[in-house]
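**Q** One structure, pasted below without further comment.
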Amino acid sequence: MSGNGTDMSGAGMSGAGGDSGADGNGAADTAGTEPADGVATNDGSVKPTSARGDSADTTSAHGDSVDTTSTDDGSVDGLGTWRTWARAIVPADRAAAEAGVRAAYRAAGLPEPERIVWAGSPRAAVSLIRELTDRGACVRDVVRDAPWAAERARLHAELGAGGWSEHWAATGGRLWESTQALVDRIRTGVLEDLAGGTTGKEATAVRLLLLEAVLGQHDAPWLAAFAPAGGPFEALTEVCRSAGWWWPYARVAVMSERPVALHQDEAGRLDNGEGPALAYPDGFALHAWRGMPVPADFLTELATLTPVRIHKEENAELRRVMLEYYGYDRYLKDSDAKPLHRDETGTLWRIDLVGDEPLVMVEVLNSTPEPDGTHRTYWLRVPPRTRTAKEGVAWTFGVDAEVYAPSQQT
Amino acid sequence: MYRQGDVLIVPVAEEAVPAHVAHAPRERRDARGRLVLALGEVTGHAHAVVGPGELIREPGPFGPMLLHLPRGGRVVHEEHAVITLPEGWFRVIRQREYVPGSVRIVAD
């Protein structure tokens, strides 16, 4: 049996198993440590209530014993509170956020900002900052970066390299990939909107301001790893719970609203075929289909696609989006594609594309019938060299065709 | 081997299980006391094992996850029929899909 992943092409693969922290140092993704718990409040947000448990409660159940350790925030991994905050699309709780900001300045030994100003989005915040001539120096280092570096060093010393890695994998690491991808996309979107691209003098000026932001709700991964309630990061946690990105300057703090819409697919990628995948109340928005950035007017065209239009599209990435949106099954039927191979596992199809590798797919029947007794059919794209349906299905599970033989399927 | 939707469960001979697995950290159970093999973050639907046992993340040829069921168990999911597993060790594999330039997991 081949190892899972032997056929992976390219560096962008996402291995089976879900989120793995970019900072996880390759350690086993493990459980056993508990971040701050929380309870839902009636405004749709979640408020922290209790301290993180002792990090040494790693479960070690063996044999017949049943591990009944579980989280009590309703999520499988105990990170539901942080996940909720990171993805919150409700208006900022401005009073709570401002209190958190003032407390963060005080905790850093700084005088509170003279003014706190609000913007409708990170884009508007950057524009606003550029007009502020009296904001003073950026104090992000003393408000956030230095305390975080100290806490990370403390945890690293206390837990050891392996222990820190496990702690990160069980906490922030699980939120890191999708949150960081979102942060990167927002930064790119702001750069493109304000500077017309990601290079050049103007882009550099915007980029430097973006790098001065504290990420508010998107700081959830790090805070999940660091923050026991009542600890040194209570103020930063309060802002994470209450607002979007914010910029700490000596005299002024600039705050951004949170998004009003956020659509992600199962893999955590921005994904919406019918409108912005991410939108802020002032109109700043990002469009994406299964993680791929697309122009806003491209989505409008998706509703009226034809096989001819798809075939004529020269941009291979946009054509893939068109194919996914149109539906592989519909395209196979409408373009008179011929099956390459059939066996007990399904049917293998192939469509040759100009200037791109061929589209090869297995058509598989879902084994559990739907309530009406029919079986749902689904298509999975497989590597173009696949020769039989069974080989294709086996590939989707990372095993060789000769050994793929489920004795039971549901 | 057994397939429930996008998860394949392959028996592993006990003598093939690496020795260090005995000391590896175990995955936490969910709020309902189940071992979650795969979770759909958006639907919240999970492939999960009910009953005594352990789930270990194990990168490498036996990973990404090893399941140990000393008395057998049942694999449940909101949209698939239950699968009954015998006692023993299993490798849990999540289905993936080919994307030119990358590979992504399938979520049902």
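**Q** Largest first and in whole Å, what are the equivalent-ellipsoid semi-axes of chain B based on the Cα gyration tensor, each being the root of 5 times an eigenvalue?
**A** The answer is 21, 18, 13 Å, longest axis first.
**Q** Can I ask one more? Quick one: what does P(r) look like for region A:207-275 with 5 Å bins over all Cα pairs, in whole %?
**A** 4, 14, 20, 20, 18, 14, 6, 3, 1
**Q** Here's something else I'd like to know. More than 21 Å apart: what percent of Cα pairs in region A:123-256 qualify?
**A** Working: 4169 of 8911 pairs.
Cα-Cα pairs of region A:123-256 separated by over 21 Å account for 47 percent.
**Q** Still on this structure, please answer the following. What shape does region A:82-169 have by the C-alpha gyration tensor, where a ≥ b ≥ c are the square roots of the eigenvalues, rounded means a/c under 1.5, and otherwise prolate means a/b greater than b/c and oblate the rest?
**A** prolate
**Q** What does region A:245-395 give for Rg and for Dmax, in Å, if only its C-alpha atoms count?
**A** Using the Cα atoms of region A:245-395, the pair Rg, Dmax is 20.2, 71 Å.
**Q** Express the carbon and sulfur contribution to the solvent-accessible surface of region B:2-105 as a percent, rounded to the nearest whole number, probe 1.4 angstrom. Don't jump to the answer; show the numbers that get you there.
**A** Working: 2050 of 3670 Å².
For region B:2-105, the apolar C and S fraction of the accessible surface comes to 56 percent.
**Q** State the antiparallel share, in %, of DSSP beta bridges confined to chain B, rounding to the nearest 5.
**A** For chain B, the DSSP antiparallel bridge percentage is about 100.
**Q** Please give the charge dipole size of region B:2-105, origin at the Cα centre, charges +1 on K and R Cβ atoms and -1 on D and E Cβ atoms. Round to the nearest 20 debye.
**A** 140
**Q** Just counting partner chain Cβ atoms within 10 Å, what average do the residues of peptide B:29-35 show around their Cβ?
**A** Values: counts 10, 7, 9, 2, 5, 2, 2.
If you average over the peptide's residues, the count of other-chain Cβ atoms is 5.
**Q** Another one. Would you mind putting A:186-192, A:242-248, A:252-258 in packing order, based on average other-beta-carbon counts within 10 Å, highest first?
**A** A:242-248, A:252-258, A:186-192
**Q** Over both sides of the A-B contact, add up the buried accessible area with a 1.4 Å probe and give it to the nearest 100 Å².
**A** The A and B chains share an interface burying roughly 5500 Å².
**Q** Could you give the length gained on full extension between A:SER407 and A:THR304, defined as 0.36 nm per residue of separation minus the Cα-Cα distance, in nm?
**A** 32.7 nm
**Q** If we sort A:79-85, A:216-222 on the protection proxy, mean other Cβ atoms within 10 Å, highest first, what's the order?
**A** Ranked by mean Cβ neighbours within 10 Å, highest first: A:216-222, A:79-85.
**Q** Rounded, prolate or oblate: which one fits region A:340-410, using the alpha carbon gyration tensor with axes a ≥ b ≥ c (rounded when a/c is under 1.5, else prolate when a/b beats b/c, else oblate)?
**A** oblate
The values are calculated or read from the model by the stated rules, or taken from the named source; none is laboratory data. Quick caveat: nothing in here was measured; it's all calculated off a predicted structure. Here Cβ is always computed from backbone atoms with ideal geometry, including for glycine, and neighbour counts include all displayed protein chains. These accessible areas exclude ligands, DNA and RNA; they are computed on the full protein's heavy atoms, side chains included. Shrake-Rupley method; radii C 1.70, N 1.55, O 1.52, S 1.80 Å.
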